[in-house]
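Below is one structure, written out as structure tokens, with a few remarks after it.
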Amino acid sequence: MEHPERRREYQQRWVAENREKVREYYNRCYEAHRGEVNAPGAARRDADPERTKQITRQWAERNKERGAELQRNRRSDPEIYQSELEANAAARRLKRSLSRAGLPPKLLHATTAAERRANEREADAYVSDSSRPEHLRQFTVFAESLTEHMLKNGARMRDFAEAYVETRARMGLPPVPVETIVCARAVEFVTERMRRVDLLTGRDVAAAVRATEAIVRREERQQQFERLIRTVVTHAHRNSARFLVDAEMDNQARTHRRKPRVPVESLVVQLAMQEVVGRVPTNRLTIEDARNVARVAQQRVAMSFQGPADAVDERIHRPSVG
């Protein structure tokens, strides 16, 4: 029987003589079982993410040159370097486009490896859940029905909620937000008319309510925007004679103060907006929306006010007779 010491010496000599084969074998095993090999270390890092971040920062501080070298080696690949340049250029174009459109910049949330693994586990659980198709169907029907009901009956329900809040105040009961009452009644109405809601959770209801509120706010904002434009243009046309005289007098005053004249239609729209802004709801509109309203209204009244503006200018400058 072979002695254990001689067997160990033979194995060590064979490994030393066939180092490349051993390395290739270990690499194949690692690639085949990468997840199993990395799982214990990933679990330790996920259990204490703050310590993991601290260790990573400390390593980066101690190995700045090594980190820079790794980055240079990575970018030495022409394809990787070109893809990074294209991604950066696309991000700059998107930022400029959003800025020109008056929209906020794209929000990016950097996720850690632990967060990505948690998201993957949740996704796997989501897909493997046998009740998911019916759950999705119930959530989709509920969310769409809730949005449709709020868009159709939101104003009437809000009137009821405001009256209910006033009644509670007269009775000395604690106050309840109007929107809470509106959402609660809408949810109750929709769930009573659905065939099945047994798989819906509180999170599902809350998510559907948030989505519905966002859609309703967007619709109300668009309706207020369009209504304000119509009201301003109509008011400007109905009071064109008065507004044109006021606008010309304002421009004459600007000329006397050595200030540049302002287009007549711009002054007319400003005057019209000042008089109608309190008559129509504008609680959903922003300052940028108000500027856009003025711009659109100015375009609509510009052509119709061109001729009358000349006539008013002639009337104001005409010498008196007698």
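The values are calculated or read from the model by the stated rules, or taken from the named source; none is laboratory data. Please read all numbers here as calculations on a predicted model, not as lab measurements. Positions of Cβ are generated from backbone atoms using ideal geometry, with glycine treated the same way; all protein chains shown enter the neighbour counts. Surface accessibility is based on the protein's heavy atoms, side chains included, excluding ligands, DNA and RNA. Shrake-Rupley method; radii C 1.70, N 1.55, O 1.52, S 1.80 Å.
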Taking R0 as 35 Å, what's the FRET efficiency between residue 18 and residue 123 from their Cβ-Cβ distance, rounded to 0.05?
0.25
What three numbers, in Å, describe the spread of the alpha carbons of segment 144-300 along their principal axes, ordered from the longest?
73, 36, 26
Could you give the alpha-carbon Rg of segment 1-123 over 2.2 N^0.38 Å, rounded to two decimals?
1.71
Leaving out ligands, DNA and RNA, and with a 1.4 Å probe, what % of the accessible surface on segment 148-262 is carbon or sulfur?
53 percent
Mean separation of Cα pairs under 8 Å and 6+ residues apart, divided by the residue count of the chain: what relative contact order is that in percent?
13 percent
For residue 64, list the lysines whose Cα falls under 21 Å from its own Cα; do not include residues on the same chain fewer than 8 positions away.
53
Can you pull a Stokes-Einstein diffusion coefficient for the chain at 10 °C (1.306 mPa s), Rh from Kirkwood over Cα pairs, as a whole number of µm²/s?
55 µm²/s
If each residue of separation counts as 0.36 nm, what is the full-extension length gain between residue 164 and residue 87 once their alpha-carbon separation is subtracted?
22.3 nm
Residues of segment 5-97: accessible area per residue with a 1.4 Å probe, Å²:
91 Å²
Shape metrics for segment 109-185, restricted to C-alpha atoms - Rg then Dmax, Å
20.2, 55
May I have the pair-distance distribution P(r) for segment 56-198, computed from all Cα-Cα distances with 5 Å bins from 0 and rounded to whole percent?
2, 7, 8, 8, 8, 11, 12, 11, 9, 7, 6, 6, 4, 2, 1, 0
Once both axes come from the Cα atoms, what is the angle between helix 264-276 and the longest principal axis of the chain, in degrees from 0 to 90, rounded to 10?
90 degrees
In Å², nearest 10: area of residue 15 left accessible to a 1.4 Å probe:
60 Å²
Could you give the length gained by full extension between residue 199 and residue 148, i.e. 0.36 nm per residue of separation minus their alpha carbon distance, to one decimal place?
16.2 nm
Cα-only Debye scattering, segment 15-84: base-10 log of I(q)/I(0) at q = 0.15 Å⁻¹
-0.94
